[in-house]
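To keep things clear, I will list the structure first and then write my remarks on it.
What follows draws every value from the coordinates through simple rules; no lab data is involved. Quick caveat: nothing in here was measured; it's all calculated off a predicted structure. Cβ placement follows ideal geometry from the backbone for every residue including glycine, while neighbour counts extend to all protein chains displayed.
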Amino acid sequence: MKPTFTSFQNHFLVAMPVMQDRNFARAVIYVCVHNEEGAMGMTINRPMLDLNLGEIMQQMNINMTTESLRQTPVLLGGPVQPERGFLIHRPNTQWQSTLSVTDDIAVTSSQDILQALADNKGPEEFLMVLGFSGWSEGQLEQELANNAWLTVPADPKLLFDIPFNERWEAAGSLLGIQMGDLSDEVGHA
């Protein structure tokens, strides 16, 4: 008998201390899609040190004059298609290519949202992300069974308000866990 499927869409995957893969060590991943065919998510705590939103806009020939927006950090969302951009945002209008994750959170990958940002008509709360992480059918479930990740329902405050360098600990504390207290040894109880 096939086990009942549980979707972790609109959850955070919080890397366990044992995670040594440099792409995922201490990562917090927002799961945008999770169904029986696989999953897709984006790391929300890895700002790219050498890139900001202004530079992305310049590369796309979009004129942005608001300096505070120009300095917005860009996050490395994952190792898959790192040249592809996404905005995780609060929905405020419909864009050409938007996935509604929940009523409160959407992911858009079309250029029209970037132009709206430049025109000060875009969402007020957003994350600019390059790349994503993907899991094939059953792969994420196997990683969860192997204790690679903790899961916690997503909290928009963690997405938009908590500083990047505090998100791993903050995600653990949503579960009542001090991440630094967890062992970096693999095992099952």
Discussion item. If I stretch the segment between Glu166 and Thr6 completely, what's the gain in nm (0.36 nm per residue apart, minus their alpha carbon distance), one decimal?
Written reply: 54.8 nm
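Only Cα pairs under 8 Å and at least 6 apart count here; give the relative contact order of the range 25-119 as a rounded whole percent.
Averaging sequence separation for qualifying contacts and normalising by length gives 23 percent for the range 25-119.
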Practice prompt. Obtain the radius of gyration and the Kirkwood radius of the chain from its C-alpha atoms and give Rg over Rh.
Written response: 0.98
Discussion item. In the range 1-149, if the dipole is taken from +1 on Lys/Arg beta carbons and -1 on Asp/Glu beta carbons about the Cα centre, which of Asn45, Val129, Gly77 is farthest to the positive end?
Written reply: Asn45
Worksheet item: Using a simple spin-label model with points 7 Å from Cα along the Cα→Cβ vector, what separation in nm is obtained for Ser97 and Asn35?
Response: 1.8 nm
Worksheet, complete the sentence: In debye to the nearest 20, the charge dipole size for the chain, taken about the Cα centre with +1 at each Lys and Arg Cβ and -1 at each Asp and Glu Cβ, equals 180 debye
Worksheet item: What dipole magnitude, in Debye to the nearest 20, does the range 1-56 give about its Cα centre under +1 on Lys/Arg Cβ and -1 on Asp/Glu Cβ?
Response: 200 debye
Fill in: Hypothetical label at Val18: residues of the range 140-154 whose amide nitrogen lies under 19 Å (7 Å Cα-Cβ projection)
140-152
Worksheet item: Kirkwood Rh, Cα Rg: Rg to Rh for the range 66-108?
Response: 1.00
